[in-house]
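Asker: Pasting a structure here, questions to come.
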Amino acid sequence: DAGITQSPRHKVTETGTPVTLRCHQTENHRYMYWYRQDPGHGLRLIHYSYGVKDTDKGEVSDGYSVSRSKTEDFLLTLESATSSQTSVYFCAISRTRGDYEQYFGPGTRLTVT
Amino acid sequence: GQQVMQIPQYQHVQEGEDFTTYCNSSTTLSNIQWYKQRPGGHPVFLIQLVKSGEVKKQKRLTFQFGEAKKNSSLHITATQTTDVGTYFCAGSGGAGGTSYGKLTFGQGTILTVHP
């Protein structure tokens, strides 16, 4: 498996609190992605990064922000968590934008009560 | 925006039976990828198809990419209990432009195999 870790692996938080999820890679890959997975929806892209400090929105970015200050770390922040953000969050990395496969981290299960 | 539809949503088979999942895109794709996710696990890359009409095989798995590059299928021959999981197709944007490797995933097909 690619060197990708996510922290925390599980988190329960209350509505209205800020939450930050971390994705860390040891592969020095340029491209990083945050997805959420919900039953019946597959994987939906939240935000992605194509380099340090270079990020852009995916299809479900409302309520989420990201930051990438180092190649190895990609942070996803929920500024004020809502129950609709209860989900499993996956980070993925890709070597190039040339349509190479994505490697996924183990996921973070987030519950917002 | 680009949409990728995958059917069926669920498939229950007896061990030894064949299984097929289908993927259809609303737009022409530059390539399509397939992933497998075991229960409780994370998606794992299986294969990428790039050429129109391409067919690739991995042991009992056969992957096809349509001539128009808008549809794809995954066929498993003689399923085994180790095939259990969710199979996702994921399409990458059409020709031209900068996709940054973004993928649009289908909803997935959950396969259960009864021994």
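The values are calculated or read from the model by the stated rules, or taken from the named source; none is laboratory data. Model, not experiment: these values are computed from the prediction. Cβ atoms come from the backbone with ideal geometry, glycine included; neighbour counts cover every protein chain shown. Note: accessible area is taken over every heavy atom of the protein model, side chains too, but ligands, DNA and RNA are not part of it. Shrake-Rupley method; radii C 1.70, N 1.55, O 1.52, S 1.80 Å.
Asker: Criterion first (of a type in the set (Val, Ile, Thr), more than 12 Å from chain B (Cβ to nearest Cβ) and open to solvent by 40 Å² or more (accessible area, probe 1.4 Å)) does residue A:52 satisfy it?
Answerer: Yes.
Asker: Can you name the residue in segment A:83-113 that is within 20 Å of residue A:16 (Cα to Cα) and among the hydroxyl-bearing types (Ser, Thr, Tyr) and, of all such residues, is farthest from the chain's Cα centre (by Cα)?
Answerer: Here the residue is A:113.
Asker: Only one residue in B:48, B:80 is out of contact with any Phe, Trp or Tyr (no Cβ under 7 Å at 6 or more places or on another chain) and either aromatic (Phe, Trp, Tyr) or open to solvent by 70 Å² or more (accessible area, probe 1.4 Å) (or both), so which one is that?
Answerer: B:80 is the lone residue from the list that is out of contact with any Phe, Trp or Tyr (no Cβ under 7 Å at 6 or more places or on another chain) and either aromatic (Phe, Trp, Tyr) or open to solvent by 70 Å² or more (accessible area, probe 1.4 Å) (or both).
Asker: Of all residues being closer than 13 Å to residue B:79 by Cα and open to solvent by 70 Å² or more (accessible area, probe 1.4 Å) in segment B:5-34, which is nearest to the other protein chains (Cβ to nearest Cβ)? Just the residue, please.
Answerer: B:12
Asker: How many residues are open to solvent by 20 Å² or more (accessible area, probe 1.4 Å), closer than 17 Å to residue B:62 by Cα and touching a residue at least 12 places away in the same chain (Cβ under 8 Å) when one looks only at segment B:35-45?
Answerer: 2
Asker: Among the residues of segment B:38-52, is there at least one that is closer than 30 Å to residue B:115 by Cβ, within 15 Å of the chain's Cα centre (by Cα) and more than 14 Å from every other protein chain (Cβ to nearest Cβ)?
Answerer: No: segment B:38-52 contains no residue that is closer than 30 Å to residue B:115 by Cβ, within 15 Å of the chain's Cα centre (by Cα) and more than 14 Å from every other protein chain (Cβ to nearest Cβ).
Asker: Among (1) in contact with a strand residue (DSSP E or B) (Cβ under 8 Å, 6 or more places away or on another chain); (2) part of a strand (DSSP E or B); (3) over 21 Å from residue B:38 (Cα atoms); (4) more than 10 Å from every other protein chain (Cβ to nearest Cβ), where does residue A:60 come up short?
Answerer: (2)
Asker: Can I ask one more? Only one of (1) open to solvent by 40 Å² or more (accessible area, probe 1.4 Å); (2) at pLDDT 95 or above; (3) hydroxyl-bearing (Ser, Thr, Tyr) fails for residue A:108. Which number is that?
Answerer: Result: residue A:108 fails condition (1) only.
Asker: Given the residues A:101, A:79, A:72, which is the only one that is within 14 Å of chain B (Cβ to nearest Cβ) and not polar (S, T, N, Q)?
Answerer: The conditions single out A:101.
Asker: Any residue in segment B:5-33 that's outside any strand (DSSP E or B): show its pairings with residues that are open to solvent by 80 Å² or more (accessible area, probe 1.4 Å) at Cβ separation under 6 Å, as long as the two are six or more apart or on different chains.
Answerer: B:15/B:115; B:26/B:3; B:30/B:95
Asker: Across segment B:56-77, which residue is nearest to residue B:39 (Cα to Cα) among those that are within 14 Å of chain A (Cβ to nearest Cβ) and surrounded by fewer than 19 Cβ atoms within 10 Å (Cβ to Cβ)?
Answerer: Among those residues, the one meeting the criterion is B:58.
This table checks each residue for (1) under 10 Å from the mean Cα position of the chain (by Cα); (2) under 19 Å from residue A:4 (Cα atoms).
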| site | (1), (2) |
| --- | --- |
| A:46 | yes, yes |
| A:52 | no, yes |
| A:58 | no, no |
| A:62 | no, no |
| A:66 | yes, yes |
| A:69 | no, yes |
| A:75 | yes, yes |
| A:78 | no, no |
| A:81 | no, no |
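Asker: Sticking with this one: Name the residue, out of A:14, A:27, that is more than 10 Å from chain B (Cβ to nearest Cβ), of a type outside the set (A, V, I, L, M) and surrounded by 14 or more Cβ atoms within 10 Å (Cβ to Cβ).
Answerer: A:27 is the lone residue from the list that is more than 10 Å from chain B (Cβ to nearest Cβ), of a type outside the set (A, V, I, L, M) and surrounded by 14 or more Cβ atoms within 10 Å (Cβ to Cβ).
Asker: Now a separate question. Keeping to segment B:49-60, report how many residues are closer than 19 Å to residue B:85 by Cβ and modelled with pLDDT under 95.
Answerer: Final tally of qualifying residues: 0.
Asker: For segment B:90-109, check the following and say yes or no: at least one residue is hydroxyl-bearing (Ser, Thr, Tyr) and more than 14 Å from chain A (Cβ to nearest Cβ).
Answerer: Scanning segment B:90-109, I find no residue that is hydroxyl-bearing (Ser, Thr, Tyr) and more than 14 Å from chain A (Cβ to nearest Cβ), so the answer is no.
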